[in-house]
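Report on one structure; see the data block that follows.
What follows is calculated from the coordinates using simple rules that are stated; it is not laboratory data. Predicted model only: the values in this text are computed from it and were never measured. Counting neighbours? That spans all protein chains shown, and the Cβs are built from the backbone with ideal geometry, glycine included.
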Amino acid sequence: MTDNQPVIVERTFNVPFLTLWEAITDAGAMRKWFIPVTEFRPEVGFEFQFLEGDTKEKYLHICKVTEVVDGKKISYTWRYDGYEGNTLVTFELIPDGGKTILRLTHAGTETLPANKPELSKQNHADGWEYLIGKSLKNYLGA
């Protein structure tokens, strides 16, 4: 994984694409496996925030939906309040018979502060591997 390449995590889930779409775009579902959002709408321009981090420090994540292809793709900016750097998270859903392939791409992590290990590309890669490979899989039972 080189510095300027995005983090990419791809998994196949044994659920229809609409089930997976709901898991990544419904605030109630997102709270169960992903992030503690109070509100979320898959609409371009919708802004949302959430506070997350480790036991040492919490980070305010500030995000804005930039692209929506209903049932297929959603992208949003992802930055940390008070820190340099802007990144882009994209979820793409690819129907595969009765299953669905999810491709998560997190681009721009190289723009985040190099002196904050918890904001490193590797930390993001590890987090997405856990979220997509374990948390979402458990939530979907797939």
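Might you let me know whether region 104-126 holds any residue that is within 14 Å of L20 (Cβ to Cβ), in contact with a strand residue (DSSP E or B) (Cβ under 6 Å, 6 or more places away or on another chain) and surrounded by fewer than 18 Cβ atoms within 10 Å (Cβ to Cβ)? Within region 104-126, none of the residues are within 14 Å of L20 (Cβ to Cβ), in contact with a strand residue (DSSP E or B) (Cβ under 6 Å, 6 or more places away or on another chain) and surrounded by fewer than 18 Cβ atoms within 10 Å (Cβ to Cβ). Restricting attention to region 1-34 and to residues that are without any contact (Cβ under 8 Å) to a residue 40 or more places away in the chain and not hydroxyl-bearing (S, T, Y), the residue that is surrounded by the most Cβ atoms within 10 Å (Cβ to Cβ) turns out to be M30. Pairs are defined by a Cβ separation below 9 Å, a sequence spacing of at least 6 or placement on different chains, a first member in region 86-102 that is aromatic (F, W, Y), and a second member that is not in a strand (DSSP E or B); the pairs so defined are F91/L20; F91/W21; F91/I24; F91/T25.
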